[in-house]
Amino acid sequence: MKCPFFLLFLLTISTLTMANDERWKTGSFEYEGFPLFLRSPYKLNYDELQILYPQFISLTHILKDVNNNGLPNKEYNQSLFEFDTFVSEVLENKRNGVTVLIETFGGKRNYYMYSTEEIDTVKLKELILNNFPDQEILIESRLDLKWGFIRAYASDWGL
C-alpha cells in the first residue's frame with residue numbers, strides 16, 4: 001500500500017509550505033528618540049482583503065513590565081508569547097479577519113487588524129480577557145473600506 005504513505009508525504013509538504021507562508025517581516029526603528037518595533041505579515045494583498053474585511057480594529061495591550069525606553073523587559077516579553085499568538089491569530093482562526101501590523105512602542109503593543117463588519121469588538125475583548133484575565137487591553141474599531149490606515153502606515157515606514 002504505497003498510496004497512504006504518498007498521501008501522508010504530500011500532506012506533510014503541504015503543511016510545511018503553509019507554515020512558511022505565515023512568517024512575519026520585522027523592522028526596528030527610532031521614533032521620537034525611542035525604539036519602535038514593527039511586525040507585519042508577508043505578502044498581504046490589500047486590494048483583495050479590503051473587500052472581505054472592511055472594519056479596522058486597533059487593539060492596544062498595555063505592557064506591565066517595561067524598560068526606560070518603553071520596550072518590554074526580555075523575560076516579560078517572552079512570557080507574552082501565548083497571548084501574542086492568540087491575539088494575532090484570533091480573527092484568522094475563524095476566517096473573520098487578518099492582523100496587518102503589530103507595533104511595540106512606548107510601553108504598549110498595538111495590534112492593527114481588519115475584520116468583517118460582523119465582528120463585535122466588545123465580544124472580542126471579552127474573549128481575549130476570558131483567556132488572559134491578567135492583561136490590560138483597549139480596543140477600538142471603525143470602518144476603513146479602502147484600508148487607508150495600513151496603506152498610509154506602510155507607505156510612511158516602508159513596509
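Restricting the trypsin sites (Lys or Arg not before Pro) of the stretch 79-140 to loop positions (DSSP other than H, G, I, E, B) with no more than 13 neighbouring Cβ atoms within 10 Å leaves 95. When the Gaussian network model of the chain links Cα atoms closer than 10 Å, the mean-square fluctuations of 40, 88, 28 top out at 28. Taking a ≥ b ≥ c as the square roots of the Cα gyration tensor eigenvalues, the stretch 28-159 comes out oblate, since a/c reaches at least 1.5 and a/b does not exceed b/c.
Ranked for footprinting exposure by Cβ neighbours inside 10 Å, fewest first, 84, 134 give 134, 84.
Basic side chains Lys and Arg get +1 at the Cβ, acidic Asp and Glu get -1 at the Cβ, and with that the dipole of the chain about its Cα centre reaches some 400 debye.
Among 99, 85, the order by Cβ neighbours within 10 angstrom, fewest to most, reads 85, 99.
Only one residue of 90, 45, 66 has its Cα farthest out toward the positive end of the dipole of the chain, where Lys and Arg carry +1 and Asp and Glu -1 on Cβ, and that residue is 45.
Under 27 Å of direct C-alpha separation, and excluding same-chain neighbours fewer than eight residues apart, residue 123 reaches these lysines: 64, 94, 108, 146. With each label modelled as a point 7 angstrom along the Cα→C-beta vector, the residue 85-residue 155 pair spans 3.7 nm. Counting other Cβ atoms within 10 Å as a rough exposure proxy, the listed residues 139, 150 run 139, 150 from fewest neighbours to most. Here the label points at residue 65 and residue 132, each 7 Å from Cα along the C-beta direction, are separated by 1.5 nm in the simple model.
Identify all aspartates and glutamates with a Cα-Cα distance to residue 43 below 16 Å; exclude those on the same chain that are fewer than 8 residues away in sequence. By straight Cα distance, residue 43 reaches 21, 22, 92. Legend: calculated FRET efficiency, residue 48 to residue 123, from the Cβ-Cβ distance at R0 = 25 Å, rounded to 0.05, equals 0.40.
Coordinate-derived values only; no laboratory data. Treat the numbers as computed from the prediction; the structure is a model and nothing was measured. We place every Cβ from the backbone using ideal geometry, glycine too, and count neighbours over all the protein chains shown.
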